[in-house]
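Taking it in order: structure first as structure tokens, then the write-up.
Please treat every number below as a calculation from the coordinates, not as lab data. Given the structure is predicted, the values throughout are model-derived calculations rather than measurements. We place every Cβ from the backbone using ideal geometry, glycine too, and count neighbours over all the protein chains shown.
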Ligand code: TYM
């Protein structure tokens, strides 16, 4: 079966083993997982359940942390629409890493990228999405004094000189090979990768980037040029995709509302979407289901519980057995997931309403790290 994973398109049934081979990344070994657990003092669900499954130089990050050199975290979001639950995964994980390792986090909001990528967007629209997305990101659990959220178009004065240094190191044929650019790609998008690389140079130590595997092509290029510019090759920790409701062989898309649960979907919408669209591993009739049981491996409701919504291993195992044996029906499994999603979203929205604006102000302008980043000039930021 064919599939495609680029930073802008994900299609088909994804073979993650093949991606590791093609991209030249490494699977997160049991040993590495244990080491993180030892240093962090706890293990995050997203590691335990192998949602974060691949990496580049994560071992170096841990070694440098132990030596006292430390590291910093960098991640981002392209504001192309409302955020869905999948988009929040890297941010929740990044906030956890920040908490346990006590490090700075930089979050890039690529309004420029989305504007040039999709010609149907108006500038104003992208700005509205950016504002909304930033509110969602700000309540994901970050330390407001040690987190800097910046929008490319606003922080550009500080990014641009180094973006140019990066740009003149990358030929069009490299960019074409890595990103699949063609003669009809607009020149805005061709320059854009240099801006996604710049934040990996914000500190004179190694960056660790949590993201889904689709963003890896940028890091491949960064690693080719970083040392020649006097910086560290970035490390990365990659997740698989939270599958779309409609089936495990796809990616959630903001342009197909039935594939995703958005962070602002109300309780009834969540219920309707899961009931109507969540791909089921159950049998066509109750009698048959009771006899043969369901298949949790292809059942999206079960996969969502496994990847994110059911923390309790024992409870998850109980559900798996009940579903596979036919004791639990698809409707019951869906109902269980619906409740979990609604509890999660209710809390998210509560935080967003209560603390969102204040946190955004701190992380973008007034917090300790934000203030420092705005006060630096180019030569300070980049140690030139
Ligand atoms: P964007 O906005 O497409 O995605 C934001 C982040 O969410 C991840 N992601 C997912 N994770 C789990 N399940 C899914 N279904 C899912 N869909 C998307 C993405 O991998 C990403 O981590 N160009 C970037 C913005 C960016 C960035 C970065 C991302 C700038 N700098 C550094 C990561 C790290 C973008 O458009 O992401």
Segment 181-223 scanned against label point 7 Å out from residue 67 along Cα→C-beta; backbone N under 12 Å for 205-206
Relative contact order as a percentage, segment 257-351, C-alpha pairs under 8 Å and 6+ apart, gives 33 percent
Percent antiparallel among DSSP beta bridges confined to the chain, nearest 5, equals 35 percent
So for segment 1-128, using the alpha carbon gyration tensor with a ≥ b ≥ c as root eigenvalues (a/c under 1.5 gives rounded; past that, a/b versus b/c decides prolate or oblate), I'd call it oblate
Heads up, segment 160-278 by the C-alpha gyration tensor (a ≥ b ≥ c square roots of eigenvalues; a/c under 1.5 rounded, else a/b over b/c prolate, else oblate) looks prolate
Given 70-80, 113-123, the highest-first ranking by average Cβ count within 10 Å works out to 70-80, 113-123
Dividing the helical contributions, -39500 (n - 2.57) per DSSP H run of n ≥ 4, by the residues of the chain yields a 222 nm value, nearest 500 deg cm²/dmol, of -15000 deg cm²/dmol
From fewest to most C-beta neighbours within 10 Å, the residues 174, 259, 234 line up as 174, 259, 234
Where a ≥ b ≥ c are root eigenvalues of the Cα gyration tensor, a/c under 1.5 meaning rounded, otherwise prolate if a/b exceeds b/c and oblate otherwise, segment 3-245 counts as rounded
Taking Cα pairs closer than 8 Å and at least 6 residues apart, the relative contact order of segment 1-122 in percent is 20 percent
The residues 219, 374, 304, sorted from fewest to most surrounding Cβ atoms within 10 Å, come out as 374, 304, 219
In a Gaussian network model of the chain with springs linking alpha carbons closer than 10 Å, the residue among 25, 171, 269 that fluctuates most is 171
The residues 170, 197, sorted from fewest to most surrounding Cβ atoms within 10 Å, come out as 170, 197
Relative contact order in percent for the chain (Cα pairs under 8 Å, 6+ apart) equals 20 percent
